[in-house]
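The values are calculated or read from the model by the stated rules, or taken from the named source; none is laboratory data. Predicted model, so just to flag it, every value in this text is computed and none were measured. Heads up, the Cβs are rebuilt from the backbone with ideal geometry, glycines too, and the neighbour counts pull from every protein chain shown. Accessible surface is based on the protein model in full, side chains and every heavy atom, while ligands, DNA and RNA are left aside. Shrake-Rupley method; radii C 1.70, N 1.55, O 1.52, S 1.80 Å.
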Amino acid sequence: MAQVQIEESWKKVLQEEFDKPYFEQLVAHIKADKAAGKTIYPPGPLIFNAFNTTPFDKVKVVILGQDPYHNPGEAMGLSFSVPCGVRIPPSLRNIFKELHTDLGVPLPPGGDLTPWAKQGVLLLNAFLTVLKNRARSHEHIGWQPFTDAVIRKLSDEREHLVFMLWGGFARKKKLLINPERHLILEAAHPSPLAGGAFFHCRHFSKANAYLEEHGITPIHWDLSHNCPRS
């Protein structure tokens, strides 16, 4: 059995995945990369940061990314998020622009999304690790069946969640989600490469309206007081 340091509610829900051969092989692959001197992002303690910050029974919203940032100092185990003091990546900057248009909140000074995660926004990447400077380098080592299982568990065992699926890769995951139990919001990817098609999706206000409709405390999306300006 793979020994995984992960928050207890997730450990209970996902234990059968940790016991499967593919997960054993995944752990072995990461250990082999480390033994070969390769740099893996995010750092080991942050690989399961999304789970450790947002327990299974506290999830309200799922924002699905693809793989972690592969440049030094950026990846922190939360999809789209970067630590305070790190330059805000283009996709995240567009997310913040849409947030401003949708809800009128100020543009944040930094890109740390931890306050969202603490309120119940699961910031989940489909692949939880990546090699330095090599995007999607861990795409085929076993993370995808694991994170697909995460989405299925949330769909099957929780109710009235909001899934934000941005871009073609994320939108394919809607097949894992029961639309009768949850709200699925789809849009183009926030990357500038999408030519602005992400804008005006209004996912943040739609998510809060759905949560309130079902008696769930909405998300306070305003990050303007996070990452104090130096």
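Between the amide H of R87 and any residue lying 5 or more places away or on another chain, no distance stays under 5 Å, with hydrogens modeled in the peptide plane. Each residue was assigned an accessible area with a 1.4 Å probe, and for H29 the value is about 70 Å².
For the range 161-195 and the range 77-137, what is the centre-to-centre distance using only Cα atoms, to the nearest Å? Cα centroid of the range 161-195 versus Cα centroid of the range 77-137: 16 Å apart.
Nearest 500 deg cm²/dmol is fine: what mean residue ellipticity at 222 nm does the chain get from its DSSP H runs of n ≥ 4 alone, each adding -39,500 (n - 2.57), divided by its residue count? Could the numbers behind the result be given before it?
Values: 8 runs with 81 residues, N = 230.
-10500 deg cm²/dmol, from helical runs alone.
Looking at the chain, the accessible area is 47 square angstrom per residue; that uses a 1.4 Å probe and ignores ligands, DNA and RNA.
Of the whole protein surface, H70 contributes about 50 Å² of accessible area at a 1.4 Å probe radius. Rounded to the nearest Hz, the phi-derived 3J(HN,Hα) couplings of the range 64-69 under the Karplus curve 6.51 cos²θ - 1.76 cosθ + 1.60 (θ = phi - 60°) are 9, x, 9, 9, x, 4, where x marks glycine and proline. Near the amide H of N125, within less than 5 Å, lie the amide hydrogens of G65, S79, all on another chain or at least 5 residues away, with H placed in the peptide plane.
Mind scanning K58/K173; K12/K173; K12/K206 and naming the pairs with a C-alpha gap bigger than 28 Å?
Details: K58/K173 21 Å; K12/K173 23 Å; K12/K206 31 Å.
Result: K12/K206 exceed 28 Å.
The figure for V162 is an accessible area of roughly 0 square angstrom, using a 1.4 Å probe on the protein chains alone. Restricting the GluC sites (Glu not before Pro) of the range 143-230 to loop positions (DSSP other than H, G, I, E, B) with no more than 13 neighbouring Cβ atoms within 10 Å leaves E159, E180.
Hey, what's the per residue convex hull volume over the C-alpha atoms of the range 104-172, in cubic angstrom? Don't skip to the end; give the middle numbers.
Numbers: hull volume 10.3 nm³, N = 69.
Per-residue hull volume (Cα only) is 149 Å³.
Mean-square fluctuations from a GNM of the chain, with a 10 angstrom spring cutoff on Cα atoms, peak among K38, K173, K118 at K38. Across the range 181-194, coupling constants 3J(HN,Hα) worked out from phi with the 6.51/-1.76/1.60 Karplus curve, θ = phi - 60°, read 9, 9, 9, 10, 10, 10, 7, 5, 5, x, 4, x, 5, 7 Hz, and Gly and Pro carry x. Converting phi to 3J(HN,Hα) with the Karplus coefficients 6.51, -1.76 and 1.60 and the offset θ = phi - 60°, the range 156-170 yields 7, 10, 10, 10, 6, 8, 10, 10, 9, 10, 10, x, x, 4, 5 Hz in sequence order, with x at every glycine or proline. Across the range 110-150, the residues whose backbone nitrogen lies under 19 Å from the label position 7 Å along the beta-carbon direction of K20 are 124-129, 138-150. Under the simplified labelling scheme, the A28-H200 pair shows an inter-label distance of 5.3 nm, with each label point 7 Å from Cα along Cα→Cβ. Taking the square roots of five times each eigenvalue of the Cα gyration tensor of the range 83-134, the equivalent ellipsoid has semi-axes of 22, 15, 11 Å, listed largest first.
Determine the shape class of the range 174-230: with a ≥ b ≥ c the square roots of the Cα gyration tensor eigenvalues, call it rounded for a/c under 1.5, and otherwise prolate if a/b is greater than b/c, oblate otherwise.
Judged from the Cα gyration tensor, the range 174-230 comes out oblate (a/c at least 1.5, b/c at or above a/b).
Residue-normalised convex hull volume from the C-alpha trace of the chain: 119 Å³ per residue.
With +1 on each Lys and Arg Cβ and -1 on each Asp and Glu Cβ, and nothing else charged, work out how big the dipole of the chain is about its Cα centre, in Debye to the nearest 20. If you can, show how the numbers build up before the last one.
On the way: 26 positive and 23 negative charges, 124 e Å.
The dipole magnitude comes to about 600 debye.
What a 1.4 Å probe finds exposed on the chain is 52% carbon and sulfur by accessible area, rounded to a whole percent.
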